[in-house]
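The values are calculated or read from the model by the stated rules, or taken from the named source; none is laboratory data. This one's a predicted model, so the numbers in the text were calculated from it and none came from an experiment. A quick note on method: Cβ atoms are made from the backbone with ideal geometry, for glycine too, and the neighbour counts reach across all protein chains shown.
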Amino acid sequence: MTTTISRLYNNYTDAQRAVRDLEAAGVSHSDISIVANNSDGWFSTEKKVDRDHDGVDDRAEGAGKGAGVGAGLGGAAGLLAGLGLLAIPGLGPVVAAGWLAATAVGAAAGAATGGVIGALTQAGVSKEDAEVYAEGVRRGGTLVSAKVADADRARLDSILNRSAVDLQSRRTAWQESGWKTYDPAAKAYSADEVRKERSLYGTGV
């Protein structure tokens, strides 16, 4: 049996580390997904992307391995080499790779309630938590999700917990400022709004 584990991170750097740690722990690229806010344009297809620091653009590597930008598998360089730009309803511009992003886009096309909410709940995440994850990405955060064997959950949970957001505390903070629930029809955060939000909880990407 498998289960889906997800964590929200204040910035892409922490989420990137979590993805690499999951891969190092033996989780298949195809079972991991990452969705990061890109409202401030930190990720650009006009710039060289070299996350594995080998001097070669990761996207070119991915294409050479048959993965391509946004294909979700990332080729030999790992999931992160397959990052691509997407627009998911309610989230605005995001950088994503993996099964969750593909499912979210499909769910949106099928008129499911909020593409990312539909994708997360379909994977077994509670609607309450899914709404906080989606809102977190909308506000500038990064979501990492993985499909893992039940027997490995405790071990892999501990990996994802490093630097992850305390979901209940974040939910409470938003509710105290007037937030009620994730609204897929809400206007996406602007670059300035994302920077302001990140300044409250994290240090950017």
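Descriptive notes on the structure:
Yes/no per residue for (1) farther than 22 Å from Asp31 by Cα; (2) outside any strand (DSSP E or B); (3) at pLDDT below 90; (4) touching a strand residue (DSSP E or B) at 6+ places or on another chain (Cβ under 8 Å):
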| position | (1), (2), (3), (4) |
| --- | --- |
| Asp50 | yes, yes, yes, no |
| Asp54 | yes, yes, yes, no |
| Gly72 | no, yes, yes, yes |
| Val95 | no, no, no, yes |
| Thr103 | no, yes, yes, no |
| Ala108 | no, yes, yes, yes |
| Ser145 | no, no, no, yes |
| Val148 | no, no, no, yes |
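- Subset tally (residues that are closer than 19 Å to Gln16 by Cα, out of contact with any helix residue (DSSP H, G or I) (no Cβ under 7 Å at 6 or more places or on another chain) and touching a residue at least 24 places away in the same chain (Cβ under 8 Å)) for segment 148-159: 2
- Test for Val35: is it in a loop (DSSP other than H, G, I, E, B), β-branched (Val, Ile, Thr) and either under 25 Å from Ile159 (Cα atoms) or at pLDDT 90 or above (or both): no
- In segment 160-176, the residues that are free of Cβ contacts under 8 Å to residues at least 60 places away in the same chain form no Cβ pair under 7 Å with any partner that is surrounded by 11 or more Cβ atoms within 10 Å (Cβ to Cβ) and part of a loop (DSSP other than H, G, I, E, B), whether six or more places apart or across chains.
- Set side by side, the residues Ser163, Ser169, Ser145, Ser199 differ, and just one is surrounded by fewer than 16 Cβ atoms within 10 Å (Cβ to Cβ), in contact with a helix residue (DSSP H, G or I) (Cβ under 7 Å, 6 or more places away or on another chain) and closer than 23 Å to Tyr12 by Cα, which is Ser163.
- Residue, surrounded by the fewest Cβ atoms within 10 Å (Cβ to Cβ), within segment 74-93, restricted to residues that are part of a loop (DSSP other than H, G, I, E, B) and at pLDDT 75 or above: Gly78
- Single residue of segment 110-141 satisfying the filter (farther than 24 Å from Trp42 by Cα and of a type in the set (Ser, Thr, Tyr)) that is modelled with the lowest pLDDT: Thr113
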